[in-house]
Each structure stands twice: as structure tokens, then as C-alpha cells.
1. Which one of these is at pLDDT 95 or above and more than 30 Å from Val48 (Cα to Cα): Val171, Val269?
2. Anything in segment 270-284 that is part of a strand (DSSP E or B) and closer than 17 Å to His208 by Cβ? List them, or say none.
3. How many residues are surrounded by fewer than 20 Cβ atoms within 10 Å (Cβ to Cβ) and of a type in the set (Val, Ile, Thr) when one looks only at segment 44-88?
4. Of all residues in segment 172-230 being away from the ligand (no atom under 16 Å from the Cβ), free of Cβ contacts under 8 Å to residues at least 24 places away in the same chain and outside any helix (DSSP H, G or I), which is nearest to Tyr240 (Cα to Cα)?
5. Can you run down the residue pairs with Cβ atoms below 6 Å, 6 or more apart or on separate chains, where the first is in segment 23-36 and within 20 Å of Gly125 (Cα to Cα) and the partner is more than 6 Å from the ligand (Cβ to nearest atom) and β-branched (Val, Ile, Thr)?
6. Which numbered condition in (1) more than 18 Å from Val54 (Cα to Cα); (2) in contact (Cβ under 8 Å) with a residue 60 or more places away in the chain; (3) more than 16 Å from the ligand (Cβ to nearest atom) is the only one that Ala149 fails?
7. Scan segment 102-125 and give yes if some residue there is more than 30 Å from Ser248 (Cβ to Cβ) and in a loop (DSSP other than H, G, I, E, B), otherwise no.
8. Among the residues of segment 46-60, are any in contact (Cβ under 8 Å) with a residue 24 or more places away in the chain, more than 16 Å from the ligand (Cβ to nearest atom) and hydroxyl-bearing (Ser, Thr, Tyr)?
Amino acid sequence: MRIARNIAELQTFLSRCERPVGLVPTMGAIHEGHLSLIARSRAESTTVITTIFVNAKQFDSIQDLSNYPRPLEEDIDLLADAGVDLLFVPREEEIYPLGFSTKVQVADLGSDRWEGAIRPGHFDGVATIVTKLLLMISADAAYFGQKDAQQLAVIKRLARDLHIPTKIIGVPTVRDNDGLAFSSRNISLSEAERSAATVVYRSLETAHARYSMGERRKAILEQVCLEALSAEPLIESIQYVGLVDPDSFIEVGTGNGFIEGSALLIVSVTIGSIKLIDNVILNGLGCPE
Ligand code: AMP
């Protein structure tokens, strides 16, 4: 695996590499979720590029940013073993040089809804860095996790709106044996919190089971999920439970109170000081993903 630490090295690599090129952007602390994006890209591309950049612009608090795990040496070993051809790991000044003043904002979807509403500016930071990486690398395809479903929707929208030709591909969520979605933040959970965190997927599964049995009332599906979450004392707060259209993140079932067609059930909770988000698609196919 080659490592490019600046844009000049990246460009040299790009001028010689074989297409199709697959891109997997990450913030590092590589886990099974990241590795599944890489495996998918490996299967579909001749050249796989992964980026590690802890993007300060998408963090709400300095503390969260400084606590973010950065195990670069371990990451390099994992990425090399996964068959990545190039790791791009730029420094902050390379991406945001003095005087950088452009912001990419996906209105409504990225600013007013759900994560966009409770984390002002978060998706602007995501949209700005992803746009830069997509333009810089011109990959044929870029891979993002369904785990961060609203982020995936924001990225699909910006690529479409800005005529960025890279194909945006969503990859199913990878979970630990007990259902908890892998996340770089999981290592910050205490043992008790880690065990309590399994309630997040259980709550989604409970609602999914009701949907599979034919329940289509929006209020009941949300309530089933909320009740499961509320039963776990280590959940400090529930930011939201919602049923949305997976592309627009507009709530579904608000008219007559019934879900028609498929819907994405989304949750956001805090355990200790750690925020966890997860989702499951209710699609009538009896399949959670
Ligand atoms: P991050 O390093 O957290 O910014 O994540 C980088 C990419 O990995 C994003 O596209 C995430 O959606 C994706 N990702 C994170 N966790 C998972 C997971 N458990 N399963 C699949 N993809 C994931």
C-alpha cells in the first residue's frame, strides 16, 4: 500500500493508477464497518483509495474533536491487509489552507432535518470535505455506510446537484454479534455502557418485527421503538425516533398516520457522553437491510 501525505503525492499516484478507481473516505480508527466498504470497493475497482482525515469542520465541540481516536499505525496495517492501494492522509493545512472560505451546504435535508437540526453546521462540514475529496480524486465510485443514512442522502444529493460524476454507493451496516453497529466511538463506551448500547438495535428490531407482522401505524411503530429505548436506564437522552423517506429524510405517515411503501426508521440516543445513531429500513420484504 502506498501512502500519500499531501495533494501532490496523491496527484502523482492518480496520474498513473488504473481505472476504475474506488474511493472510501473515513476519519480513521478503522473497524469492520470501514472494512466492508473497502471490500465492496475492492470487488468493484482496480484501484482502491482510502482517505483518513478527521474533519474538524463537522464536529460540534472541540472536546469531541480532541477525544476522537487516531490510531494511525494500527489503521495503516488494517488498510494494507484489506488490499487498499493508496491511503491518502492529508494534514489539516493541506485541506483547509489559510484563507479557505468555501462551504458546501445541502439545504433542508442537510440543515433542518434530524441530525442537521440538532447538530447545526455538521452536514455543511461533511458536504464540504466530501465534495473536495470527490473533486480531488475523481473516482469512478465512492462508498459510504448506510449506518450514517442521512449523511449518505446528503452526499447523494450534493453529487447529483453539482454534477459530480462519481457514483455514490451505499453499503449495508456492519454489526457486532450483539447487533451494535460498529462505530469508531464505541471504544469510548465503558463496559456497562457498551452492554446497554445493544438496546439501540434491539429497539429497531422490535419495531421491524411489528412492521413485518403488518403494523403500519406510524405512531405505534415509533412508540414500540421508544419504549424499548426507555427501558434502558443507561440511556441518558433520546434525541429522536423517526420514520422518514430515505432520500429526503422527510417524515412519512404524517397525513393519515399510516406508512405506505418503505420507510427508514432512525434513532439517535446518548449513552454516557457518547452519541449513537442507527437505522433500519422497513421495506415490506421481511429483510432488515
Ligand atoms: P467515519 O470514519 O465514521 O467517518 O466513517 C467512514 C465511513 O464508514 C462512512 O461512510 C460511514 O457511514 C461508514 N461506516 C461507519 N460505520 C459503519 C458500519 N458499522 N457499517 C458500515 N459502514 C460504516
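1. Values: Val171 fails: more than 30 Å from Val48 (Cα to Cα).
Step by step, each of Val171, Val269 is checked, and only Val269 is at pLDDT 95 or above and more than 30 Å from Val48 (Cα to Cα).
2. Applying the first criterion (part of a strand (DSSP E or B)) to segment 270-284 yields 270-271, 274-282.
Those that are part of a strand (DSSP E or B) and closer than 17 Å to His208 by Cβ: Ile277, Asp278, Asn279, Val280, Ile281, Leu282.
3. Count: 4.
4. Only one residue fits best here, namely Glu215.
5. These pairs meet every condition: Leu23/Ile49; Leu23/Ile137; Val24/Ile38; Val24/Thr50; Pro25/Thr51; Thr26/Ile52; Met27/Val54; Gly28/Ile52.
6. Failed condition: (3).
7. To start, the set of residues in segment 102-125 that are more than 30 Å from Ser248 (Cβ to Cβ) comprises none.
No, that holds for no residue.
8. Restricting attention to segment 46-60, the residues satisfying the condition of being in contact (Cβ under 8 Å) with a residue 24 or more places away in the chain are 46-60.
Now restrict to residues that are more than 16 Å from the ligand (Cβ to nearest atom): 46-47.
From the residues that got through so far, the ones that are hydroxyl-bearing (Ser, Thr, Tyr) too are 46-47.
Checked against the condition, which is being in contact (Cβ under 8 Å) with a residue 24 or more places away in the chain, more than 16 Å from the ligand (Cβ to nearest atom) and hydroxyl-bearing (Ser, Thr, Tyr), segment 46-60 yields at least one hit.
The values are calculated or read from the model by the stated rules, or taken from the named source; none is laboratory data. This one's a predicted model, so the numbers in the text were calculated from it and none came from an experiment. Reconstructed Cβ throughout: ideal geometry from the backbone, glycine too, with neighbour counts over all protein chains shown.
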